[in-house]
Every structure is written in C-alpha cells, then in structure tokens.
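Comments concern the structure below.
The values are calculated or read from the model by the stated rules, or taken from the named source; none is laboratory data. Since this is a predicted model, take the numbers as computed values, not measurements. Reconstructed Cβ throughout: ideal geometry from the backbone, glycine too, with neighbour counts over all protein chains shown. These accessible areas exclude ligands, DNA and RNA; they are computed on the full protein's heavy atoms, side chains included. Shrake-Rupley method; radii C 1.70, N 1.55, O 1.52, S 1.80 Å.
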Amino acid sequence: MFEYIKDSDIKALKKYKYSSVDKSLVQKYILNPYWCWLVKKVPLWVAPNLITLSGFMFMVVSVILLLIYGSNWEEVPRWVYVCWGINLFIYQSLDAIDGKQARRTGSSGPLGELFDHGCDAINTTLAFICILSALGIGNTFTCVLTVLAALSNFYVSSWETYHTHTLFLSYFSGPVEGILSGCILLITTGFLGPKFWSNSLNQVLGTSNEYLNFPLYNLICVVTALLGLFNVVCSAINVVNYTKDHNESLAKKSLGLVPHLLICGFIMLWTKSSSTLIENNLVPFFLFVGFCFGHQVGLIIYIMLLKNLSHIGIVSCMAVSTDFIGLAEKYNVNLFKGLVKAQNYRDAIIDLLKGEGLNVVVFERYVMWGLFILAFMMYMEFALYVINRLCGIFDINCLSIKHPKTDMNTNVEKPVYTVSTLGKKLISPESPLTSRKRRNRIYCKKKFL
C-alpha cells in the first residue's frame, strides 16, 4: 500500500485551516436560512461525515434505479425522475449542513474537507448520468462532452483552491444553482416526460423562427457549457491574480492542468474510436471515469492539506486505463471493434473452445464493468488509507464524534476548593452551587466544633 501521508506531513496537517468565499445570492438569501434551520434539527451526537455519507447514499440509490430501469438510457417510469430530483435536493441539503454541524460539534478538520470534496467529485458524475438520462441524450457524443465539461469545471475549481488556498464559488456555481437547476429539470421530466426536451424551442414558444428550430436539450447543454466556461475563466483569473500578488510562477501552476487535459483528450479519443461504447456501454464507462476523477481530485485535496509539492508526482488511477489500452494496442488486441461475433458471454466461451475469437473473449461491456471495479477498488484503497491515517493522527472517528464538544450555553459547575489552616481541600462539584466564602465558613464551623 502506498504511504500517502508520512510522519513529516503531520505538522502541516495540524496547521491547516479551511477558507471559502461564496458569492451566490441564492445561497445567501434563500438556501442559507433553510440550511441553518435544518442543521438545528440534527442531534449534536451526529458526526458531520455521517451526514455527508448519508446524502451521498441517496445519489447511489438514484444510480441503482437507473441501472434497474434504464441501464442503456431507456426511458424509465415517471416516478423515478421525481425520485432522482428529490434525492439530488436531499444530497445538496445534507452536503451543505455538514460543515455547519462540524462547527457546532467542534469537529472541523482536514478529514471533513477531504471526505466532503471526495463525495462531491464522484457525485458530479452520478448526478449528470441521471440528468442526461432525463434529457434523453444518453447515447450521443454530446452526452460525453457535457460530462467532461462538468468534471473540468470541478477540477479547475479544485486546482484554483490548491493554489489560492481558498475555495471560491461564483454567482452561479455548481453546488448551489447547478444542483437546484438539476432538481427542477428532473422533477419537470417526471411530470412531462423525457420527450418534452426533444421539442424545438419554436414548439415550446409557439413561434416559427428558423433560428429557434433546435431541441431544448441542446439549449440546456449549451447553457451548461457556457456557465462552466464562465466559472473556469473566473478560477483562472483568481489564480493569475494570486500569482501576481505573491510573485510566483504562473507557468509552474499551469502544469497542474495538463493531467486533466490529457485525460479529457483520452476519453474523447476512446469514445470516438469505439463503435459500440456510446451506443451500448456508456453508463459503466461514466462510472469508471467518475471514480477515476474522484481519485484524481482526492489527490489534489490531500496534497493541498499537506502543502507538500513532493507529492504532486502521484499518478491517478486513470493511468491504469491508459496502460490497459497500451497493452491492447501493443499485442494487437482490439477490444472495441467487435472481433467477437458472439452475442453473449456463453457463446464467446464456446467460440474460444472451438478455436475462434482467440484474440478477444470479453465484450466491451465486461471490460467497462471490470475497469469500473478496478477504479472503485483503487479509490477505496486511497480513501480508507487516508481516513484511517487522519483518524489516528487527530484521535477522532470518521463517522462518529469521539470527543463531544461541551455546550458553552449551559452552566457547567466547576470544582470548588476551600482554604484553611490544613491546606486546600476539594469540595465535590456535585454539591449545590454556593459561594466560596460560605463554603469556607461551613468548613471552619465543622472543624472547630
């Protein structure tokens, strides 16, 4: 197992402090009052990470429903869309109050930030899988570009936080307005159906303008891309300004974007080189990419916590998939051109026993699910190691509060001492509150009587 956190990194971990700036007006005037009300309903014994994990599990349920009813982007029952919208809103609510609960219970720390952002990174893919299914564009290359735009927005935001040491959320950000828009879209689909988004803007508005003769889902994808581009530009400007103020090298900081750009290019080439990936196996592929991305963002967050650039050379688990494809090309094994003509795994084994199809015996869907399992295992290996290490360093539990915070609003009676010629004597703190002078008089009377 790779040693992510060394003993020399503990000092930097204990000095870390979370910093954020949120300019969202919706968050300030609408959601924050609701979140403050909601967090007061949570008992003080509930750990912040347990709140985060509970919200994430609602999104896992949403993906399970997708795999049951529409694993290949088929139209699902209407109630499923409504359930997705409600689960997404619950996720946002619980994700927003975990930090408030941490401050209430005095359990804020590096583990909470790593746990929170790790779930957010994976949820970006899970949420967009549900949203794209609701739009009815799952089997298109537009779907791939939309997911990459969302992941790039999140990655650049993490890159900005790493270099400026502050999380900036603009007037329109993914965690606030983006999730709210997704909730509205999903619930609307539950009432109108996914085919509604295939209507042209002319049909919706009742006009006949030739410039408005395009489907609604294209408009939604374009708006999403433009808002993501706006946030990316804002993040880049913040990094440039920070670099100028601190006389640091902008070129060196920009190198942090190279791995993600290479991964995006790799994903687009992969989807374009396969004739069946987009049509049949895009859901497991997105799950694979989502956990690879979560691992990549987790590495950025933990490097930021340690403030140690020597860890920047750690390779994300996406590299494993690159090596996999490289081996396939090296040995002339084409996994994506349908060399195996069998229609199922059983027929593929029979063809292999007959001497047919010796180059490839596994369909692309099994390859995708296998890569997803590999990415999931690597992500969990990283997550469990870091969680156990941080719990040991800070003497805390991940999903429970080991050292409850004393409520400052209650009058906790402190031990009271009396002083006499015999010295200092402790009076039980469980006795009724009385003044020290009265306790001294009582003690003296008992002594001389």
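Being open to solvent by 30 Å² or more (accessible area, probe 1.4 Å), assigned to a helix (DSSP H, G or I) and either of a type outside the set (A, V, I, L, M) or under 16 Å from Met368 (Cα atoms) (or both) is the filter here, so list the residues in region 258-284 that pass it.
The answer is Pro259, Phe266, Met268, Leu269, Lys272, Ser273, Glu279, Asn280.
Each row is one residue, and each column tells you yes or no for (1) in a helix (DSSP H, G or I); (2) over 22 Å from Phe286 (Cβ atoms); (3) touching a residue at least 24 places away in the same chain (Cβ under 8 Å).
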{"site": "Ile5", "(1), (2), (3)": "no, yes, yes"}
{"site": "Ala12", "(1), (2), (3)": "yes, yes, yes"}
{"site": "Ile68", "(1), (2), (3)": "yes, no, no"}
{"site": "Gln92", "(1), (2), (3)": "yes, no, yes"}
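Among the candidates Phe56, Phe115, which residue alone is farther than 27 Å from Ala12 by Cα, part of a helix (DSSP H, G or I) and open to solvent by 20 Å² or more (accessible area, probe 1.4 Å)?
Result: Phe56 is the single residue among Phe56, Phe115 that is farther than 27 Å from Ala12 by Cα, part of a helix (DSSP H, G or I) and open to solvent by 20 Å² or more (accessible area, probe 1.4 Å).
Modelled with pLDDT of 90 or more and open to solvent by 10 Å² or more (accessible area, probe 1.4 Å): does that describe Val240?
yes
When the residues of region 150-187 are narrowed to those that are open to solvent by 40 Å² or more (accessible area, probe 1.4 Å) and in a helix (DSSP H, G or I), which ends up nearest to Leu262 (Cα to Cα)?
Ranking the qualifying residues of region 150-187, first place goes to Phe154.
Quick check: anything in region 245-257 under 22 Å from Asp95 (Cβ atoms), over 19 Å from the mean Cα position of the chain (by Cα) and outside any helix (DSSP H, G or I)? Lay out the reasoning, then the answer.
Taking region 245-257 as the starting set, the residues that turn out to be under 22 Å from Asp95 (Cβ atoms) are none.
Within region 245-257, none of the residues are under 22 Å from Asp95 (Cβ atoms), over 19 Å from the mean Cα position of the chain (by Cα) and outside any helix (DSSP H, G or I).
Residues in region 119-143 that are modelled with pLDDT under 90 and open to solvent by less than 10 Å² (accessible area, probe 1.4 Å): how many?
3
Determine whether Val63 is of a type in the set (Val, Ile, Thr) and surrounded by fewer than 18 Cβ atoms within 10 Å (Cβ to Cβ).
When the stated conditions are applied, Val63 does not pass them.
Could you list all residues from region 193-237 that are more than 21 Å from Val156 (Cβ to Cβ) and aromatic (Phe, Trp, Tyr)?
Answer for region 193-237, where residues must be more than 21 Å from Val156 (Cβ to Cβ) and aromatic (Phe, Trp, Tyr): Phe196, Trp197, Tyr211, Phe214, Tyr217.
Return the pair list, or none, for Cβ contacts closer than 9 Å from residues in region 38-51 that are open to solvent by less than 30 Å² (accessible area, probe 1.4 Å) to residues that are in a loop (DSSP other than H, G, I, E, B) and acidic (Asp, Glu), at least 6 apart or on different chains.
From residues that are open to solvent by less than 30 Å² (accessible area, probe 1.4 Å), there are no pairs.
Starting from residues that are crowded, with 21+ Cβ neighbours inside 10 Å and out of contact with any Leu (no Cβ under 6 Å at 6 or more places or on another chain), keep the ones in region 78-91 and report whichever is nearest to Leu390 (Cα to Cα).
Selected residue: Tyr91.
Do you know which residues across region 123-172 are aromatic (Phe, Trp, Tyr) and within 17 Å of Gly298 (Cβ to Cβ)?
Within region 123-172, Phe154, Tyr155, Trp159, Tyr162 qualify.
Take the conditions of a type outside the set (S, T, N, Q) and farther than 25 Å from Met304 by Cα and apply them to Ile122. Does it pass?
The answer is no for Ile122.
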